[in-house]
Every structure is written in C-alpha cells, then in structure tokens.
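Just so it is clear, none of the values below were taken in a lab; they were calculated from the coordinates. Quantities reported herein were computed from a predicted structural model and do not represent experimental measurements. All Cβ positions, even for glycine, are placed from backbone atoms using ideal geometry, and neighbour counts span all protein chains on display.
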Amino acid sequence: MKLEGSVVFITGGASGLGAASARMVVDAGGRAALADRNWDLGQAVAASLGSHAIFVETDVTDAESVGRAMADTAARLGRLDVAMNCAGVGSAQRILGKDGPMSLESFRKVVEVNLIGSFNMSRLAAASMAQNAPGEDGERGVIIHTASIAAFDGQIGQCAYSASKGGVVGMTLPMARDLARHGIRVVTIAPGLFDTPLLAGLPEEARRSLEASIPYPARLGSPAEYAQLARHIIENRYLNGEVIRLDGALRMGPR
C-alpha cells in the first residue's frame, strides 16, 4: 500500500511511538488521525503536523468511543486505510509483594488497555477497511499492532504487561488469517527499550544501565525507527501475520 494519500488511524498518537508514526505518515504524503485520551497534547501534536493531521479523542477500551473516533476520521478524511495500535500502559508489580498479592484490578487494567484495546480498535477498523475498493493484490487495509519483547522475555514484576503483550503476539496470526479474505494484512512490531514517555522519567544512571544492556546499537531505540519499520510494513504487501522484534538484539534477563 502506498502511504501517499492513505489515511492512518493511530491510537496513542499524542506521544511516543504514536506521535512519531503520525509524523512519518504526514511526511510520506499521507493523512493521520491521532487517537488519544490526552486532549491538550493530542490537539497540539496534530496542529504541529499541519492540515494533514487531525486529533480524535479516544478511549481504546470503550467500543463507542473508538467507533465515534473512526466515524469522525472517515467523515473528515474520507476513509480509513491503516490502523496502528500504539496506545499502551505498563506496570511493575510482583504477584506477591511486601504488601501481599498484586491487586486483580491492576492486572485487569493493563490487559484491558494493551490487549482488549488493541482488539477493540482492530475489529472496528477492519469493518471500515472492508468497505474500501481493493487495490493491488486485492488489498483493502493494514493493521499494525505494538507488542513488546516483554511478550517473550518478561522480567520480574512484568506479569501483567507480559501477559497483555503476549496476547497481542498470539492474536496476530489468527487475525491475519481471519481478515485475509477481506484483503486486510495484520503485522505486529515488538519493540525493545525505546526512548518514550514510559522511560523518560528514569534517572540518567538508570537509562545508561539500560543502554549498556543492549548489544548493538547500545542505546535506547528512537521512536522514528519504530515509525520507519511501520512504513515498510505498510508498503510491503507480502508482510502479513508476522511479529517483528525491533530491539538491537536485546534479550532481557530476569530483572
């Protein structure tokens, strides 16, 4: 699929990987809908990208919210060609800590945003894309999930996060198979340690320690590098049903 002229719906579009992806889309001649809960930041980022970007307030865990956001996107931008799941939350909590068992609500929230939110967006995006006229190879749309290498190398305290991202990995292939007859591809990116708001609050010493754990390049990933891979996925029609690690060869230890 050519990005030029395409409409891309990006959850978590107000910051981090989502904002970098929106910039990539606009730079490539496409149009981006930044779907996020943060109204002020979302509006500011969309405005910085010019007339080819809009902000649509969205709660990925709410079916009606996502439905309204997609309808708004189609009304303002004309269609929906690509959907990217970049919204996510993390937590660091042992199953059994000093204060007792991890709260069930804490686990539920991470799974609801990262896994259920990704599925919610994807099912509604697929319904919209299925109405598109087919392009080359009968293609009608592309869905890109964001998992994490924590899906494979979960560390101490990452049970909820790893479970949610493992679920995203697990639904990639069956979702691609489900949507094949509609000409919709599904690919997942599993990033390693990236320089996003999730890590921005760490002390400099902690950041240096993380960077030293990465074989090569020994630094945090740039959101622009995530966006670069997303662009290749969108434009390479033979990529489907795959999970791609983007991690500088990092394999995380237990802590």
In degrees rounded to 10, the 0-90 angle between helix 16-27 Cα long axis and the longest Cα principal axis of the chain is 30
May I ask you to sort C86, C159 by Cβ crowding, counting other Cβ atoms within 10 Å and putting the fewest first? C159, C86
Compute the angle between helix 223-235 and the longest alpha-carbon principal axis of the chain, please, reported from 0 to 90 degrees and rounded to the nearest 10. 40
How much length is gained if the chain between Y216 and Q228 is pulled fully straight, taking 0.36 nm per residue apart and subtracting their Cα-Cα distance, in nm to one decimal? 2.5 nm
Percent relative contact order of the chain, based on C-alpha pairs within less than 8 angstrom and at least six residues apart? 20
Which of the lysines could a cross-linker bridge to K98, judged by Cα under 25 Å and excluding same-chain residues fewer than eight apart? K109
Provide the per-residue ³J(HN,Hα) series for segment 153-160, in order, calculated from phi with Karplus coefficients 6.51, -1.76, 1.60 and θ = phi - 60°, each as a whole number of Hz, with x at glycine and proline positions. 10, x, 9, 4, x, 10, 4, 5
Order 91-102, 54-65, 166-177 from most to least packed using the mean count of other Cβ atoms within 10 Å. 54-65, 166-177, 91-102
HN-Hα couplings for segment 242-252 via Karplus (6.51, -1.76, 1.60; θ = phi - 60°), in whole Hz with x for Gly/Pro, come out as 10, 10, 10, 6, 10, 8, x, 6, 6, 10, 6
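Given segment 1-153, what percent of its DSSP beta bridges are antiparallel, to the nearest 5?
10
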Cut-off under 5 Å, modelled amide H: who pairs with V186 long-range: I143, G241
Charged-residue dipole, Cβ positions (Lys, Arg, Asp, Glu), the chain about Cα centre, Debye nearest 20: 380
Please state, rounded to one decimal and in Å, the Kirkwood hydrodynamic radius that the chain gives when every pair of distinct Cα atoms enters the mean of 1/r. 18.4
Which FRET efficiency, nearest 0.05, do L41 and K109 yield, Cβ-Cβ r, R0 22 Å? 0.60
Search the structure for amide H atoms under 5 Å from the amide H of G221, placed 1.01 Å from N in the peptide plane, and list their residues when 5 or more places away or on another chain. L193, F194, D195
Amide H to amide H, which residues 5 or more places from F9 or on other chains are under 5 Å from it, using H placed in the peptide plane? A33, D81, V82, A83, M84
